[in-house]
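Here is the structure we will look at, set down as structure tokens.
The values are calculated or read from the model by the stated rules, or taken from the named source; none is laboratory data. Because the structure is predicted, anything quoted here is derived from the model rather than measured. Neighbour counts run over all protein chains shown; Cβ positions are idealised from the backbone, glycine included.
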Amino acid sequence: MYKLLDKIQTPDDLRALPASDLAELCAEIRDYMVHCCAENPGHLGSSLGAVELIVGLHYIYNTPADKIVFDVGHQAYAHKILTGRKDAFRTQRTEGGISGFPRRDESPYDAFGVGHSSTSISAALGLAVSARMQGRQDKAVAVIGDGAMTGGLAWEGLNNAGSGNADILVILNDNNISIDRNLGAVHNYLLRITTSRTYNRVKHKVWNVMGESRLRSWIQRKVRGTKSNLVRRSGGSVFESLGFRYFGPVDGNNVQEVIRTLRSLHDLKGPRILHVITQKGMGYGPAMENPTVWHAPGRFNPETGERISGAHKADRYQDVFGEVLVDLARRDEKLVGITPAMATGCGMNRLAEAMPERFFDVGIEEEHAVTFAAGLAAGGMKPFCNIYSAFSQRAYDQIIHDVALQHLPVVLCFDRAGLVGEDGATHHGSFDLAAYRSIPNAVVAAPRNELELKNLMYTALHAESGPFIIRYPRGCGEGVAWKDEPYALLPQGRGEKLLDGKRLAVLALGPCANAAVEAARSLGAAVWDVRYLKPLDPAMLAEAASFEAVLTVEDGCLAGGLYGAVAEAIGRQVPVHGLGIPDRFIEAAPQSRQRAVCGIDREGIERKIEDILKNR
């Protein structure tokens with residue numbers, strides 16, 4: 001099907017091609033990527049923009065001996081296709097298929113496993129120092145997007161690499177966007193580099209004088225060189241002040257320019273940074289026109305770009321959050337929203353559109369987001385800080401030290417809690433329940449449906465201390481009415497009995513309570529919606545302890561979460577059994593399949609109830 005791509009099994013095959021063939025190869029890679037992702041969705045936009053850069057890296061560097069570390073992994077699809085996984089790429093992000101992100105256990109070409117942002121520089125630095133200490137000549141390259149460069153860890157890595165004179169190349173893949181449009185000082189600085197007034201003044205004067213001519217073509221080549229010098233003097237100083245030699249910017253979607261530049265930098269020593277300009281969604285019209293949507297577009301028609309979206313059985317939790325947040329903000333002028341670069345994903349883009357002065361996108365800076373929220377709370381505001389559950393782990397210290405220790409009323413909403421589906425192990429919100437229930441002063445709550453999310457947000461707004469943590473899953477709710485329902489306070493530490501029964505008490509948290517009711521109805525077990533993991537309802541615990549046995553059900557890690565809390569409270573009085581995410585990382589698959597694997601779907605809960613009752 002493909003003239004060049006079908007010949008490539010490894011980068012050795014790529015390096016055997018003449019450089020004149022590489023532009024055609026890049027076009028074939030894009031076409032293959034688009035058609036694969038149309039049927040099997042993934043993170044398309046970033047990878048389309050990075051094709052020439054990845055082809056150039058594998059063409060110039062001796063991978064896998066030389067190490068390429070990708071940040072996040074959204075940009076790495078061409079890397080997977082070129083490193084022996086072309087056929088397997090059709091299975092990426094599916095059960096039993098390859099990961100959507102680089103993984104060390106998947107390929108020797110994946111030098112470092114990634115999934116969360118801003119790690120590449122620190123990891124590549126470790127690889128470079130390791131090679132030096134063992135007397136190897138391996139090269140180490142970090143490929144980091146401009147969105148990831150907003151993360152503090154990236155700058156910690158730059159600082160350490162520059163001060164240590166490490167032999168490392170950092171490639172800043174600058175496409176002016178991460179998922180949503182980039183914001184903040186780092187983004188503005190990079191934008192100034194690529195829109196140098198001095199360069200553009202020279203350019204326009206030359207073009208106006210010359211018009212279309214052979215001489216103009218010659219001048220274009222000369223001005224490109226002048227641009228690099230001007231921009232380096234005016235823009236690269238921040239990197240050079242950290243001990244890096246700055247090169248660029250160069251056109252990252254021109255494969256010949258990429259190759260020439262990488263070849264010239266290959267044998268240089270010390271810390272270097274190459275600034276590469278690419279376009280997110282490059283080569284595919286719909287993705288270029290709307291890069292936010294096409295970051296991860298779902299299924300689509302590759303020929304027309306028409307997205308194929310299944311009908312939602314109910315409103316998504318992120319949309320409930322976004323709509324309720326705007327309504328609460330209209331009711332309380334002190335409410336503000338904070339997100340670390342996830343406005344669209346978490347639904348806070350609604351607040352950004354309705355009340356931009358009360359919305360703060362701080363970039364990919366989870367730690368800063370929490371402490372910034374704490375400062376806002378200390379100053380008398382009422383911050384709602386929304387972070388994906390898996391990413392909240394990065395701000396664990398700030399939640400303890402800057403919020404809980406000071407009793408500050410910060411509302412932390414953890415989207416994508418529990419099992420997240422095809423993104424897999426790097427993105428599951430498995431550990432939040434166990435991590436945060438141990439923090440003094442914290443409230444940890446999980447709604448079982450859309451209405452409870454609405455009311456928990458309302459309750460949290462009126463809390464006088466914090467952190468008040470609300471965690472909820474990715475995807476759709478239960479289809480309950482919520483928009484026209486009045487707000488209701490849900491008292492802290494009070495659950496709700498959903499089903500009467502005998503012998504066995506089932507204590508379920510969040511949406512697991514719905515599956516527990518379905519499972520227990522015909523088996524005679526009682527079911528509670530725990531609602532608050534912390535504080536636990538003492539009346540609920542006392543009644544549960546009067547049953548023959550107790551079963552807890554949660555979509556978090558079994559160790560330390562609801563099961564641990566209930567066992568600690570009443571485990572000496574009554575046998576306590578638990579269902580949850582087991583002590584291992586759950587691989588990519590549809591959410592429904594992952595829940596079945598963990599036994600927290602209706603059928604799994606039924607089997608567990610029957611087993612407990614049979615053995616009593």
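Gly298 - would you say it is on the phi > 0 side of the Ramachandran plot and in contact with a Phe, Trp or Tyr (Cβ under 9 Å, 6 or more places away or on another chain)? For Gly298, the condition - on the phi > 0 side of the Ramachandran plot and in contact with a Phe, Trp or Tyr (Cβ under 9 Å, 6 or more places away or on another chain) - is not met.
Please determine, by comparing only the residues of the stretch 548-581 that are free of Cβ contacts under 8 Å to residues at least 12 places away in the same chain and not small (Gly, Ala, Ser), which one is surrounded by the fewest Cβ atoms within 10 Å (Cβ to Cβ). Looking at the filtered set, the residue picked out is Arg572. Counting residues in the stretch 469-479 that are without any contact (Cβ under 8 Å) to a residue 60 or more places away in the chain, closer than 30 Å to Gly421 by Cα and surrounded by fewer than 16 Cβ atoms within 10 Å (Cβ to Cβ) gives zero. Number of residues in the stretch 488-501 that are among the charged types (D, E, K, R) and farther than 12 Å from Val527 by Cβ equals 1. No other residue among Ala446, Ala442 is under 22 Å from the mean Cα position of the chain (by Cα) and either surrounded by 21 or more Cβ atoms within 10 Å (Cβ to Cβ) or within 16 Å of Gln591 (Cβ to Cβ) (or both) apart from Ala446. For the condition in contact with a Phe, Trp or Tyr (Cβ under 9 Å, 6 or more places away or on another chain), among the hydroxyl-bearing types (Ser, Thr, Tyr), part of a loop (DSSP other than H, G, I, E, B) and buried (at least 20 other Cβ atoms within 10 Å of the Cβ), Ser118 qualifies. Are any residues in the stretch 35-55 in contact with a strand residue (DSSP E or B) (Cβ under 9 Å, 6 or more places away or on another chain) and either within 14 Å of Lys86 (Cα to Cα) or of a type in the set (Gly, Ala, Ser) (or both), and if so, which ones? The answer is Cys37, Ala38, Gly45, Ser46, Gly49, Ala50.
Residue-wise test of (1) over 22 Å from Val34 (Cβ atoms); (2) outside the structural domain of Gln92 (by TED's automatic domain parsing); (3) of a type in the set (A, V, I, L, M, F, W, C); (4) under 22 Å from the mean Cα position of the chain (by Cα).
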site	(1), (2), (3), (4)
Glu257	yes, no, no, no
His275	yes, no, no, no
Tyr284	no, no, no, no
Ala287	no, no, yes, yes
Gly305	no, yes, no, no
Gly310	no, yes, no, no
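Restricting Thr94, Thr83 to those that are out of contact with any helix residue (DSSP H, G or I) (no Cβ under 8 Å at 6 or more places or on another chain) and of a type in the set (Ser, Thr, Tyr) reduces the list to Thr94. Quick check, is Ile338 surrounded by 16 or more Cβ atoms within 10 Å (Cβ to Cβ), modelled with pLDDT under 95 and in the same structural domain as Ala390 (by TED's automatic domain parsing)? The answer is no for Ile338. Restricted to the stretch 5-107, the set of helices (runs of 4 or more DSSP H) holding at least 2 residues that are surrounded by fewer than 21 Cβ atoms within 10 Å (Cβ to Cβ) comprises 11-15, 22-39.
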